[in-house]
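The structure appears right after this line, and notes come after that.
Laboratory data are not the source of any read-out in this text; all were calculated from the coordinates shown. Bear in mind that the values here come from a model prediction, so they are computed numbers and not experimental data. Backbone-built Cβ (ideal geometry, glycine too); neighbour counts: all protein chains shown.
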Amino acid sequence: MHWPLIKNLPAHTHFNFVRWAPVAAGLSALLVVASIAFFAMQGLNLGTDFKGGTLVEITTPGPAPLGQLRASLGQMGVKDAEVQGFGSPNSASLRFEPNPAVPPAVAITQIEAKLSAAFPGIKYNSVEVFGPKVSGELFSGGLEALAVAILLMLAYIWFRFQLQFGLGAVIALVHDIILTMGVLSAFHIEFSMPSIAALLTIIGYSMNEKVIAFDRLRENLRKFKRMPLAEIINLSENERLSRTLITGSTALLALSGMLFLGGPTVFPFVFAMVFGIFVGTYSSIYVALPVILLWGVNRDAGEAEPMKPTGARP
């Protein structure tokens, strides 16, 4: 039994993707410049992971009321409060930014007193104060992880395809990362360690899209030796369009619940993921492939070999 909406998708499309490549290039350049401008003017809204803060681990008599704890810290005026459960259902960690006008020891004592009054029976297992030096090391380490991931992707695509394919993929990945971080900066969404994880996940999703696009393009390059490269790109993208729409929409459906119902703790991570799916799909068509179109390709790789069914004899 087929899903009715999938049956309504056209089996064959004839969109002229290459025709809009110059317009898309101008749009991408404008968005990249705007993202860099936001970095220069207001930077990122760094969370306590990268600015330093206080980490308090607690135990409650019953299951930890994470939402009530978060609301109580907000009413106390605590900045950037993060409340997460860990280990047993009765355990939770409170991470927040210290008040610069109050000594850390005094601020922690005041917060503990107010929490004890609001939640009788609460126990404080440990209290840690970490400064901006440690947080700065985390931030630089996260950026290094992004750079290493991009370089490894370049090596993989270069090895599997051709150099211009790898450069197209890397330029598209850098485009995706800059735009995602620009959106986070523009809307003042908190940037923390989960945001780094989201960016690494975006790199993986975006690279998967580009590998699929490159595979289809390489297959058609072997089939149609004399067809112009622009026409082959249009043919390849039309052939994989339905697959791209179904994959992207499935991922967005899975994330939409967490985006709207997951609460403030997971919102920055999920928002970055949702935006990354959109921009990663776009850049596969209008950033990576136009680089290949401008550079050209080696079309002497041999003829395409038809796939044999499983178990067929050679």
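Observations on the structure shown:
- Measuring r between the beta carbons of residue 215 and residue 24 and using R0 = 25 Å, the FRET efficiency lands at 0.70.
- Net charge of Cβ neighbours under 14 Å - reference residue 282; Lys, Arg +1; Asp, Glu -1: -2
- Footprinting exposure proxy for 12, 175, 188 (fewest neighbouring C-beta atoms within 10 Å first): 12, 188, 175
- Charge dipole magnitude, Cβ of K and R +1, D and E -1 - the chain, Cα centre, debye nearest 20: 920 debye
- Axial C-alpha extent at least 15 Å, average Kyte-Doolittle at least 0.5 - helices from the chain (DSSP): 21-42, 104-118, 132-160, 163-186, 229-261, 267-283
- Spherically averaged projected area in nm², based on the convex hull that wraps the Cα atoms of the chain: 22.2 nm²
- The range 264-299-the range 10-41 distance, computed between alpha-carbon centres (Å): 10 Å
- Among the lysines of the chain, pairs at least eight places apart or on separate chains and with Cα atoms under 27 Å apart come to 14.
- Segments 275-285, 33-43 sorted - mean Cβ within 10 Å per residue, highest first: 275-285, 33-43
- Calculated mean residue ellipticity at 222 nm for the chain: -21000 deg cm²/dmol, from DSSP H runs with n ≥ 4 weighted as -39500 (n - 2.57), summed, divided by the residue count and rounded to 500.
- Note on residue 31 and residue 278: the extension gain reaches 87.5 nm, defined as 0.36 nm multiplied by sequence separation minus the Cα-Cα distance.
- Longest site-free stretch - the chain; sites: trypsin sites (Lys or Arg not before Pro), DSSP loop, at most 11 other Cβ within 10 Å: 1-224
- Applying both filters, DSSP loop and at most 15 other Cβ atoms within 10 Å, to the chymotrypsin sites (Phe, Trp or Tyr not before Pro) of the range 45-137 gives 86.
- Chymotrypsin sites (Phe, Trp or Tyr not before Pro) within the range 195-239, DSSP loop, no more than 16 other Cβ atoms inside 10 Å: 224
- Stokes-Einstein D (µm²/s) once Rh is taken as the Kirkwood radius of the range 53-130 over alpha-carbon pairs, at 10 °C in 1.306 mPa s: 128 µm²/s
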